Every structure is written in structure tokens, then in C-alpha cells.
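The values are calculated or read from the model by the stated rules, or taken from the named source; none is laboratory data. Bear in mind the structure is a predicted one, so any value in this text is a computation, not a measurement. FYI the Cβ positions are ideal-geometry reconstructions off the backbone, even for glycines, and counts take in every protein chain you see. Calculation scope for accessible area: heavy atoms of the full protein, side chains included, ligands and nucleic acids excluded. Shrake-Rupley method; radii C 1.70, N 1.55, O 1.52, S 1.80 Å.
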Amino acid sequence: MPRRLYGAILALALLGTPGMAADEVVKLTPSQAQSLGVRAVHPVTSRNDQTLPYPAQIVIPTPQQWVVSAPVAGMVNSLSVARGDRVRTGQPLVTMESPNFVSLQREYLHAVAQDALAAQQLKRNTDLFEGKAVPQRVLESSQTEARQASIAVAERKQMLRLSGLSDTAIGKLTSEAAISATLSVSAPQSATVVEIVVAPGQRVEQSAPLVKLAGLTPLWIEIAIPASSVRAIKPGAKVEVDGYATTGRVILVSETTDAASQTVLVRAEVPNNGELRPGQAAAARIGFVSSDEGAWEIPYSALVRRGEQASVFVAIQDGFRLVPVSLLAEDQEHVVVSGAFTDKDEVAVSGISALRGILLHLGAE
């Protein structure tokens with residue numbers, strides 16, 4: 001547009017609107033607006049209870065992940081499960097061969113034998129003390145030895161439990177004294193196998209990871225929300241994943257912002273009925289704080305920002321009025337806002353710079 005024409009239109013606007021800066025109204029005729037390249041459209045009614053879709057990732061909650069480790073050093077003999085298998089509590093996962101496991105059993109049986117011997121000695125010395133055949137210090141010494149022997153048995157039994165032996169298996173070992181070099185590592189609780197860390201024939205040290213398990217219900221939805229839009233999202237808000245019937249609730253709105261992407265982490269918890277799978281990418285919509293306010297979707301170009309305040313130019317009979325709006329959601333092309341206008345009104349989507357320029361001059365006047 002020639003600078004002379006722009007100046008003339010600006011002058012007309014200034015002359016025709018004395019004192020309107022406080023109302024933030026720009027008076028323009030249709031021909032003047034057309035000359036300035038101002039174009040207005042009707043806002044599109046948006047779902048008034050949800051944001052635009054945001055990128056999300058389905059993840060396993062950290063409290064529902066477990067690592068099954070080698071209770072003793074040894075060699076992996078075989079695997080009883082594969083990745084993706086569902087396992088129940090006590091189900092065998094890995095079979096190992098371990099000299100250390102043999103030593104644990106031998107030390108336990110030795111402690112049991114010493115405990116029995118100490119108990120017999122205590123009984124004998126108790127009978128002798130009652131018959132005044134031995135002094136009290138001999139009885140007290142026998143009592144101490146019996147107590148220490150009992151503690152040693154409890155310690156060795158606990159070591160066997162930690163190695164994966166059940167109380168039933170320990171009882172069988174005690175009665176039969178049948179030492180085995182083979183050890184079965186079982187699932188601590190019902191879960192799904194998410195990773196096999198070892199392979200048959202591999203030697204591992206004590207506490208080395210063998211299998212990773214996870215409970216897959218509920219799951220977490222981790223959503224990246226632009227920092228400018230996160231104020232409309234609160235814990236407890238409803239979350240829907242596009243393409244799935246499963247819904248969840250926001251459990252966390254992070255207090256920090258990712259410096260690289262300028263997004264805030266919003267985490268939702270969702271029950272899993274098999275529709276969602278950890279690791280998959282998704283698009284999630286989050287409910288607003290208030291579900292009864294009108295929401296309108298407009299092009300991103302229509303938005304006017306002045307500090308923290310967002311506004312749009314709404315067409316009136318003799319020009320445009322700058323109307324404050326609440327920014328509910330945004331992406332690179334659209335924004336969802338609520339404000340004092342309806343889908344019957346028209347919102348300027350181009351020529352915004354010209355309207356702002358005129359408004360700034362009005363403010364100067």
C-alpha cells in the first residue's frame with residue numbers, strides 16, 4: 001500500500017475517534033479496512049471442555065517397575081520367560097547354577113547341627129545344675145552358646161530366603177540334607193516382563209540384574225504443554241487420548257519448564273485395559289479448569305499479545321474493538337480462547353499490525 005494512502009487512512013481514523021483510546025476502539029470504514037489488508041472471520045466453536053491435542057508419551061509409572069537381581073553369583077542356566085510375558089507371583093523366571101548357593105546350604109545345615117548340639121548340651125547342664133553337679137556359671141555358659149547357635153540358624157535361614165528358597169524348600173533341605181547347585185529365581189509379584197537382561201550361559205555377580213518387570217495398570221501419560229498455556233490446567237483435570245476410549249486424570253503439573261522446548265510436563269494417570277501400551281506416542285486433550293465457559297478456535301495470527309495479556313480485534317459497526325481473551329490452548333496454527341464475543345461476531349485475522357499501529361497512535365493522542 002502507498003505510504004500516502006496509509007497516512008490518509010490513519011489520519012481519518014485519528015480524526016474520527018477522539019478520546020477512544022481508553023475503549024481501545026479503532027474506527028474504520030469497510031473500504032479503509034480493505035485498504036489496510038484487514039480481513040475478519042467468524043470464530044469456530046471449540047469443545048468448551050478441552051485443550052487442543054498435545055503430543056504425549058505413554059510410560060510405565062516408576063513405582064510399578066522392578067528389577068529381579070541375581071541373589072548369588074553364578075551362571076545363568078536357562079530362562080523360563082520371554083519379553084512381554086505376564087507372570088504371576090512365585091513363577092520361575094531364571095534358573096542358575098551357583099557354587100555360592102551350595103555354600104549357603106552347607107553353612108545352614110552346619111548351623112542347624114550346631115544348634116541341635118548346643119540345645120542338647122544346655123539340657124544336660126540344666127539337669128546337672130538342678131542336681132547340684134555343676135556350678136551356675138557352667139549353666140549360664142551353655143545358655144549363651146545355645147542362644148548364639150539359634151541366632152546363627154536364623155541368619156543362615158534368612159540368607160537362603162534371600163537366595164530365593166521358600167520356607168517349604170528350606171524345611172525340605174533341613175530334613176533331607178539334599179544340597180543342590182541349581183537355584184530358581186522367581187517373580188516377586190504378578191507383573192509383565194519388559195526386558196530380559198541376561199542370556200543362558202552368562203556368568204553374573206551377586207545383585208546383577210536378570211529380568212525387569214512392570215505392572216501395566218495404571219499407566220502414565222506424559223504431555224508436553226507450552227508454558228503459555230499451562231495455567232489453564234490443574235491436577236484432577238480430565239485427560240483424553242485421541243483414538244482411545246480410555247480417560248485419565250492429571251496428577252502432576254510440573255513446577256519447572258524445559259529450557260529447550262519451553263514446555264511444561266503434565267502427567268496424567270490412566271487405567272489400562274489393554275488399549276494403551278508403554279512407549280507409544282499419542283495426542284492428548286486436557287480438560288480446562290472451568291467446563292462451562294465458551295471457547296473459540298481462531299487462527300494464531302489473530303492473537304494480539306501485550307505482556308501477559310492476550311486480546312483479539314472484534315469487528316463492530318464502525319470498526320474494530322480490542323477485546324481481552326483468556327488463552328486456553330495453542331499450537332503453531334490455531335489458538336483456543338474464551339472472551340466477550342460469540343460465533344456471530346467476526347475476528348480480525350490479518351492486518352493486525354495496521355490495527356495495532358492505529359491503536360498505538362490513538363493511545364498517544
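Assorted remarks:
- The calculated Kirkwood hydrodynamic radius for region 221-365 is 17.2 Å, given to one decimal from all distinct C-alpha pairs.
- Top positive-direction residue, dipole computed over the chain with Cβ charges, set Gly357, Ser46, Ala116: Ala116
- Sites Ser69 and Asp167 - FRET efficiency at Förster radius 22 Å, r taken between beta-carbons, to 0.05: 0.55
- Charge dipole (region 250-319, unit charges on Cβ, about Cα centre) - positive-most of Gln280, Phe313, Gln262: Gln280
- For Ser69, distant residues with modelled amide H under 5 Å away: Leu210
- Most mobile listed residue (Pro324, Pro30, Pro71) in the chain, GNM with C-alpha springs under 10 Å: Pro30
- Label-to-label distance for Ser180 and Lys344 is 8.2 nm, based on points extended 7 Å past Cα in the beta-carbon direction.
- The amide H of Leu52, built 1.01 Å from its N in the peptide plane, has Glu330 as neighbours under 5 Å, considering only residues 5 or more places off or on other chains.
- Lys, Arg +1 and Asp, Glu -1 on Cβ, resulting dipole of the chain about Cα centre, debye, nearest 20: 600 debye
- Of the trypsin sites (Lys or Arg not before Pro) found in region 75-159, those in coil by DSSP whose Cβ has at most 10 other Cβ atoms within 10 Å are Arg88, Lys132.
- On full extension, the segment bounded by Glu140 and Ser78 gains 17.2 nm, given 0.36 nm per residue less the C-alpha separation.
- In this structure the amide hydrogen of His42, modeled in the peptide plane, comes within under 5 Å of the amide hydrogens of Val347, none closer than 5 places in sequence on its chain.
- Using just its DSSP H runs of length 4 or more, each adding -39500 (n - 2.57), the chain gives a mean residue ellipticity at 222 nm of -9500 deg cm²/dmol after division by all residues.
- Which of Lys344, Lys27 is most accessible, then next, and so on - probe 1.4 Å: Lys344, Lys27
- The label point for Ser103 and the one for Arg356, both projected 7 Å from the Cα toward the Cβ, are 7.5 nm apart.
- Mean projection area, nm², convex hull over Cα of the chain: 31.4 nm²
- Projecting the Cα atoms of Gly243, Val325, Val337 onto the charge dipole of the chain (Cβ charges, centred on the Cα centre) puts Gly243 farthest toward the positive pole.
- Gaussian network model of the chain, springs between alpha carbon atoms under 10 Å - residue of Ser163, Ser142, Ser184 with greatest fluctuation: Ser142
- Cβ charges +1 (Lys, Arg) and -1 (Asp, Glu), total dipole of region 188-260, debye: 180 debye
- For region 27-143, the Cβ-based charge dipole about the Cα centre amounts to some 660 debye (Lys, Arg positive; Asp, Glu negative; other atoms uncharged).
- 3J(HN,Hα) couplings calculated from phi for region 31-44 with the Karplus curve 6.51 cos²θ - 1.76 cosθ + 1.60 (θ = phi - 60°) are, in sequence order, 5, 5, 4, 5, 5, 7, x, 7, 10, 10, 9, 6, x, 9 Hz; Gly and Pro show x.
- Per residue, the chain exposes 54 Å² of solvent-accessible protein surface, assessed with a 1.4 angstrom probe and all protein chains in place.
- Solvent exposure of Thr217, expressed as accessible area, is near 80 Å², computed with a probe of 1.4 Å over the protein chains only.
- Applying the Karplus relation 6.51 cos²θ - 1.76 cosθ + 1.60 with θ = phi - 60° to region 301-306 yields 3J(HN,Hα) values of 5, 7, 7, 10, 10, 9 Hz, where x marks Gly and Pro.
- Note on exposure: Glu308, Glu155, Glu330, Glu297 ranked by accessible area (1.4 Å probe, complete protein assembly) read Glu308, Glu155, Glu297, Glu330, with the most exposed listed first.
- Shape annotation for region 69-173: C-alpha extents along the principal axes are 70, 25, 19 Å, from largest to smallest.
- Of the whole protein surface, Val230 contributes about 20 Å² of accessible area at a 1.4 Å probe radius.
- Gaussian network model of the chain, springs between alpha carbon atoms under 10 Å - residue of Glu333, Glu195, Glu24 with greatest fluctuation: Glu333
- Share of carbon and sulfur in the accessible heavy-atom surface of the chain [1.4 Å probe, %]: 51 percent
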